[in-house]
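Encoded as structure tokens, the structure appears first; notes follow it.
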Amino acid sequence: MPKVFSPGRVNIIGEHTDYSFGYVMPMAINLGNYFEYIPYNKIKIRSDAYNEEIELDLSEVNKKQNKWIDYVLGIYNALYKINLKPGGINGRIYGNLPISSGLSSSASIELAIITALNYTYKLNLDKIQMALIGKKAENEFVGVPSGILDQFAIEFGKRGYTIFLDTENLFYEYIPFPMDISIIVYNTGVKRELAKTEYTERKRIVEESLKYLNKKSSKEITEKELEKLNSLYKKRMGYIIRENRRVLIARDALKENNLDLLGKILVESHKDIAENYEVSSKELDFIVNRAVKYGALGARLTGAGFGGSAIILAYKDKAEIIANNIHSEYIREFKYNSFYNIVESNDGSMVVEK
Ligand code: GAF
């Protein structure tokens, strides 16, 4: 029985920059979804995480269900739009990637499905095409107006590396990630209820600013040009142009193994996104603050924000103790069902059993 593994992702830095064609630096991680399946004449899928099995005819792929199966239907829809008509599948999605926690569980399912269909029905899609089809499913069917960050990271992940990506032209570079650094993913346990509306609102402001300044990418905007924007727009775009710069600094710091600088840039990024892009939360701020207090190299929220997870970078031999200290303080302060995982970089979505 064929089996696909599709990872989740963290974003080391470059948050909310992808929908203005800026820089990002994500990493696929070793938490993810397995998809075990056989070819079938319908779509019949069980999700362990959602504890549900759904069966639909192939003629029903256009019918949005407003639940997790839309990630699967979205892929079929995107394929149908380019005249690819794979047959059905019968399978089970399971794994250890927490849902609604800012680690891209939706993109992980989308890429698991496209990887399976590409393999079984010989669609001949390359990696870029698969990432773009995942994005199309998310934007046009699921209805979340995201950028390319998540699908690209999940498709292009590489064990031992983080990915520097220019989301304008999809130029990417694999940057070795130091073996002696651990990444702690601290899940706040807070459901990201505002995420979709606030995300759409931030995106609207960014798109209107680009249009007003007559730019395609946020990379082209100068400090001087920011002055042409009204105060809210200037505040939001100011964050974005500084964040683009920070991605370049973080990339170079990693190349030079300047881990103190990398950590510092992460904390700066968090402070800026909290104050000027306003997508953080008191829980995420608390984690970053405690991470610094307990001697981590750096920390910041990861993903869209509004709850979800923070990443904490720490030397391997100190990671567990730092994570534990933060956790004890966090559960004393907040009553959510929070937890952490110490994760590693991972390869992107692939068929692991034939
Ligand atoms: C979500 C989106 F899906 C990404 O495209 C990206 O914008 C991210 O939020 C914020 O950096 O994960």
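Assorted remarks:
- Ordered by the count of other Cβ atoms within 10 Å of each Cβ, fewest first, S100, S105, S281 give S100, S281, S105.
- For the chain, the spread of Cα positions along each principal axis, largest first, Å: 55, 49, 38
- Between 0 and 90°, nearest 10: helix 195-213 axis offset from the chain longest Cα axis: 70 degrees
- Value at 222 nm in deg cm²/dmol, rounded to 500, when DSSP H runs of n ≥ 4 in the chain each add -39,500 (n - 2.57): -12500 deg cm²/dmol
- Residues with amide H under 5 Å from that of G32, placed H, sequence gap 5 or more: G8, N96, L97
- Magnitude of the charge dipole, the stretch 181-343, Cβ model with Lys/Arg +1 and Asp/Glu -1, debye to 20: 340 debye
- Qualifying GluC sites (Glu not before Pro) in the stretch 205-249, DSSP loop, other Cβ atoms within 10 Å at most 10: E227
- Ratio of the Cα radius of gyration of the stretch 211-354 to 2.2 N^0.38 Å, where N counts its residues: 1.22
- Averaging the sequence gap over all C-alpha pairs within less than 8 Å and six or more residues apart, then dividing by the number of residues, gives the stretch 40-113 a relative contact order of 39 percent.
- Extreme residue, positive dipole direction of the chain, given options N33, V10, P145 (C-beta unit charges): P145
- Over the stretch 208-285, relative contact order from alpha-carbon pairs under 8 Å, at least 6 apart, %: 24 percent
- Folded to 0 to 90 degrees: helix 282-293 orientation relative to the chain principal axis, Cα: 60 degrees
- Interchain or long-range residues, amide H under 5 Å from I12's placed H: M25, M27
- Here the dipole of the stretch 59-149 is about 140 debye; that uses its Cα centre as origin and unit charges on the Cβ of Lys and Arg (positive) and Asp and Glu (negative).
- Residues whose placed amide H lies under 5 Å from that of S345, excluding near-sequence neighbours: G160
- Nearest-ten-degree value, helix 316-333 long axis tilted from longest Cα axis of the chain: 90 degrees
- Rounded to the nearest 20 debye, dipole of the chain from Cβ charges on Lys, Arg, Asp, Glu: 380 debye
- Contact order normalised by residue count of the chain, Cα under 8 Å, 6+ apart, percent: 26 percent
Rule-based calculations on the coordinates, nothing more; no lab input. Keep in mind it's a predicted model, so treat the numbers as computed, not measured. Note that we place each Cβ from the backbone using ideal geometry, even for glycine, and neighbour counts take in every protein chain shown.
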